[in-house]
Amino acid sequence: MRLCIDIDGTICRFRENGESYADVTPLPGAVEKLKSLKAAGHYLILLTARHMGTTGANTGLAVARQGKTLFDWLAKHDVPYDELWFGKPHADVYIDDNGYRFTSWSEIAPDGSNLPVSREKAKAAKG
């Protein structure tokens, strides 16, 4: 499965006022679960909206401001991924038919078998 995973509030805790993004810490179980999902053969796409609100949704400027910091943070914490996407639109609410409401990494099976799949994938699997 191709899994698209938000970074802030999902893989790491939110940054506090006056704190650098380099100083945030992974959420409990996040790195371990991502490693088990990767080992189970899943394709991991990480997605971030960092600085999208403060740059007027200018993805290039957001990457310029946060790219190196995020790449370094992912390496420092040994976070596995196949793709990293900058430019998640800054919004108050995300409405998506393929969304999964994240609450805790402990709720996700090590192989991801309890994750919902898109309607298209489920339909294709039925034949």
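The values are calculated or read from the model by the stated rules, or taken from the named source; none is laboratory data. Just so you know, these numbers come straight off a predicted model, no measurement behind them. Don't worry about glycine lacking a Cβ; one is built from the backbone with ideal geometry, like all the others, and counts go over all protein chains shown.
Restricting THR55, THR59, THR48 to those that are within 15 Å of ASP8 (Cα to Cα), among the polar types (S, T, N, Q) and surrounded by 15 or more Cβ atoms within 10 Å (Cβ to Cβ) reduces the list to THR48. Out of ALA30, ALA62, one residue alone is small (Gly, Ala, Ser) and over 20 Å from THR103 (Cα atoms). It is ALA62. Just one of (1) more than 28 Å from GLY112 (Cα to Cα); (2) surrounded by 15 or more Cβ atoms within 10 Å (Cβ to Cβ) fails for ALA30. It is (1). In the set GLU83, GLU19, which member is acidic (Asp, Glu), loosely packed, with under 12 Cβ neighbours inside 10 Å and farther than 25 Å from SER106 by Cα? Within the list GLU83, GLU19, the selection yields GLU19.
Does ALA22 qualify as being in contact (Cβ under 8 Å) with a residue 24 or more places away in the chain and small (Gly, Ala, Ser)? Yes: the conditions hold for ALA22. Do we find that ASP78 is farther than 17 Å from THR10 by Cα and of a type in the set (D, E, K, R) in this structure? Spelling it out, it is not the case that ASP78 is farther than 17 Å from THR10 by Cα and of a type in the set (D, E, K, R). Within segment 108-127, the residues that satisfy the criterion of being exposed (fewer than 12 other Cβ atoms within 10 Å of the Cβ) and either in contact with a Cys (Cβ under 7 Å, 6 or more places away or on another chain) or at pLDDT 70 or above (or both) are SER113, ASN114, PRO116.
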